[in-house]
Amino acid sequence: MNNISIRNGLHSGIVIMVLGSVLHAISPRYFLNWYGFVGYVVFLIFMVRSVLQVRENEGGILSFGPAFVAAFIPMTIGVYISSIFTYALHNWINPDLIFLMKEIVIETTTVTMEKMSEMFDIDMDEDEVLKKLEKVNYGFSFGSLVLSWITTSIMGCLPALIIAVFFKRGEDY
C-alpha cells in the first residue's frame, strides 16, 4: 500500500510543479490566482487514485483506516513537493512575485472594502487598512514553508477522511 501511495504522492507533486510552471509561464498573475485551486484539484485526483489502486491491490477490500492512509500519504507528499516548488519560485526563480502578490492583495482588499462599505453603508478607513497591508511581509521564508506544509497537511485530513468513507469496501460488497 505505501508504495502505491508514495508513488501517487510523487506524481501529484510533479504534476503540480508542471502545471504551476505552465501557469507562471502564461502569466505570473495566473499563477498567483489559480495555483492553489489547481493544486487542490490535482491533490484530490491523486488521493482518490491512490485509494482505488490500493483497494484493487487488496482484492477489492479496503477498510477505513488503510483507505485514509492511502489518501493522506499522496496529499502530504504532494504538498511537500508543491511547497518546495513555491518556495523556489518565490525566492530564486522569480523573486518579483512577492511584489505582484502584494499588489493583488491590495487590489482585492480595496475592491472588497468598497463593496462592503456600499452594501452595509459602513464608512471604512481605507488608508489605514492599506497602510497595514503595506507593512505585511509577503515573502516566503523557510519557516513559512514548513508552517504551510504542516497546516495544509492537517487541513488535508478532511478530504482524506471523506475519500476514505466513500471508497472503503468490506467483504459484504
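The values are calculated or read from the model by the stated rules, or taken from the named source; none is laboratory data. Note that this is a predicted model, so its numbers are computed, not measured. All Cβ positions, even for glycine, are placed from backbone atoms using ideal geometry, and neighbour counts span all protein chains on display.
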Quiz item: What number of residues in region 29-51 are surrounded by fewer than 17 Cβ atoms within 10 Å (Cβ to Cβ) and either in contact (Cβ under 8 Å) with a residue 24 or more places away in the chain or farther than 18 Å from Val79 by Cβ (or both)?
Solution: 4
Quiz item: From the list Ile81, Ile73, Ile106, Ile77, which residue is touching an Asp or Glu at 6+ places or on another chain (Cβ under 9 Å), on the phi < 0 side of the Ramachandran plot, part of a helix (DSSP H, G or I) and among the β-branched types (Val, Ile, Thr)?
Solution: Ile106
Quiz item: Within region 151-160, how many residues turn out to be modelled with pLDDT of 95 or more and either over 20 Å from Tyr80 (Cβ atoms) or exposed (fewer than 11 other Cβ atoms within 10 Å of the Cβ) (or both)?
Solution: 1
Quiz item: If a residue has to be within 15 Å of Asn91 (Cβ to Cβ), touching a residue at least 60 places away in the same chain (Cβ under 8 Å) and among the hydroxyl-bearing types (Ser, Thr, Tyr) to count, how many in region 138-157 make the cut?
Solution: 1
Practice problem: Find all pairs meeting these conditions: Cβ atoms under 8 angstrom apart; at least six residues apart or on different chains; first residue within region 116-137 and outside any helix (DSSP H, G or I); second residue surrounded by 10 or more Cβ atoms within 10 Å (Cβ to Cβ) and at pLDDT 70 or above. | Solution: Ile122/Met116; Asp123/Ser117; Met124/Met113; Met124/Met116; Met124/Ser117; Val136/Lys102; Val136/Val105
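Test Thr86 against the criterion of being assigned to a helix (DSSP H, G or I), at pLDDT 85 or above and crowded, with 17+ Cβ neighbours inside 10 Å, and give yes or no. Can you show your working first?
Details: assigned to a helix (DSSP H, G or I): yes; at pLDDT 85 or above: yes; crowded, with 17+ Cβ neighbours inside 10 Å: yes.
When the stated conditions are applied, Thr86 passes them.
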Quiz item: Across region 105-145, which residue is modelled with the lowest pLDDT among those that are surrounded by 13 or more Cβ atoms within 10 Å (Cβ to Cβ), within 28 Å of Leu44 (Cα to Cα) and hydrophobic (A, V, I, L, M, F, W, C)?
Solution: Phe140
Self-check item: Unmet criterion (only one of (1) at pLDDT below 85; (2) touching a Gly at 6+ places or on another chain (Cβ under 9 Å); (3) aliphatic (A, V, I, L, M)) for Ala164
Solution: (1)
Quiz item: Do we find a residue being in a helix (DSSP H, G or I), buried (at least 18 other Cβ atoms within 10 Å of the Cβ) and at pLDDT 95 or above anywhere in region 54-63?
Solution: yes
Practice problem: Could you list, in sequence order, all residues of region 24-48 that are touching a Gly at 6+ places or on another chain (Cβ under 9 Å) and closer than 30 Å to Leu62 by Cα? | Solution: Val38, Gly39, Val42, Phe43, Phe46, Met47
Quiz item: Among the residues of region 29-62, which ones are over 22 Å from Met155 (Cα atoms) and among the small types (Gly, Ala, Ser)?
Solution: Gly59, Gly60
